[in-house]
Amino acid sequence: MKRFLLVALAVIVLAVALLAGVFASAFVGNAPSQPGLVDGFIHVVNDGYVTANILDTGDGKVALIDAGADPAGKAILAELAAMKLDVHAVSAIFLTHGHGDHVAAAPLFPDAKVFVLAGDVALAEGRAGGHGLITQFMPVKSTGVHVARALADGEVVQIGNRAIHVLAVPGHTMGSAAFWVDGALFLGDSAGASKDGTLKPAPRVFSDDPLENRASLKALTARLAAEHLEVKTLIFAHTGRLDGIKPLADFAAAH
Ligand SMILES: [Zn+2]
C-alpha cells in the first residue's frame, strides 16, 4: 500500500512539474513589451499583459490591430486622447485572432468595421471557444463584437493611406492572421520575442495546434519573400519587438 502511495505521489509530482514547465515556457524569457511610437505611424499601447496597436491612416482616422484585454479600453482611449482623437476616429479594427484578450475593447468604437479571418469569426464574437490545452476550458460568452466582414487569406484592405496585407498563419487559432503594413509585420500571438533576440512560436498551452503554428511561421517566411513584402519590424502581442525579417527567417531555417 505504501509503495502504491509513493508511486501515485511520484506520478502526480511529475505531472504537475510537466504542466508547470509547459506553462512557464509561454512566459519565461520573453522580451518585455515596448509601448510607444514605431516606424512613425504605429502607436503600440500596453493594455496590461497584452498590447494593442493604433495605426495612423493619414486621413485624421486610425485603424486598430487588436483591441486589447480591457472591455473599458482605458489604455487605448488614453492613447487616442493623447493623439487628440475620440472613439469615432477608429474606422477599422483588424483582429490577429479571436481570443478574448485581443477583442475586448472593439465594441467601444461605433464607426469601426471589425475584420478577422473567416476561421475566427465565431471565436471573436464569443459564439465558439478555443481548442488549446488551456483555452478549451475558458468560458464561451458573447463578446459584443460584431464582425463586419470575414477576411480571406491574401487580400489587401485599403484603410486611408495604409494597405493592410492579410496573411493566414493558422495554428495558434484556426483563423490566426499576420498583417503586413508598410514594413511592419503584426504577428499577434502566433510568435513572440525572447530576451535573447530570437523568435519563439505561439505558446503551446494556449494554441489550438502548435505544430501547425510552426509550419505556418515557416511558410510565412517564404511567402513574404515571394511577395516582396520587406519586413522592418516584427510586432508581437505579448512581448517586445524584433528588427527585420532575420529572427523569423532564422526560426524557419531551424524548424
Ligand atoms: Zn491568443
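The values are calculated or read from the model by the stated rules, or taken from the named source; none is laboratory data. Computed from a predicted model, the values in this text were never measured in an experiment. Virtual Cβ from ideal backbone geometry, glycine too; neighbours counted across all protein chains shown.
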**Request:** Considering only residues that are among the β-branched types (Val, Ile, Thr) and out of contact with any strand residue (DSSP E or B) (no Cβ under 8 Å at 6 or more places or on another chain), look in the range 171-210 and name the one that is nearest to the ligand (Cβ to nearest atom).
**Result:** Thr173
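Consider Val114 carefully, then state whether it is buried (at least 17 other Cβ atoms within 10 Å of the Cβ), under 19 Å from the mean Cα position of the chain (by Cα), at pLDDT 95 or above and assigned to a strand (DSSP E or B).
yes
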**Message:** Can you report the number of residues in the range 74-102 which are part of a loop (DSSP other than H, G, I, E, B) and buried (at least 24 other Cβ atoms within 10 Å of the Cβ)?
**Reply:** 5
**Message:** Can you list the strands (runs of 3 or more DSSP E) lying wholly within the range 175-243 that have 3 or more residues being within 12 Å of the chain's Cα centre (by Cα) and at pLDDT 95 or above?
**Reply:** 177-181, 184-188, 233-236
**Message:** Against the conditions (1) more than 16 Å from the ligand (Cβ to nearest atom); (2) closer than 24 Å to Glu212 by Cβ; (3) of a type in the set (A, V, I, L, M, F, W, C); (4) loosely packed, with under 15 Cβ neighbours inside 10 Å, where does Ala148 fall short? Just the number, please.
**Reply:** (2)
**Prompt:** Hey, Asp250 hits all of (1) of a type in the set (Asp, Glu); (2) assigned to a loop (DSSP other than H, G, I, E, B); (3) more than 25 Å from Gly98 (Cα to Cα) but one; which does it fall short on?
**Reply:** (2)
**Prompt:** Got a sec? Which of Ser190, Ser194 is of a type in the set (S, T, N, Q) and crowded, with 24+ Cβ neighbours inside 10 Å?
**Reply:** Ser190
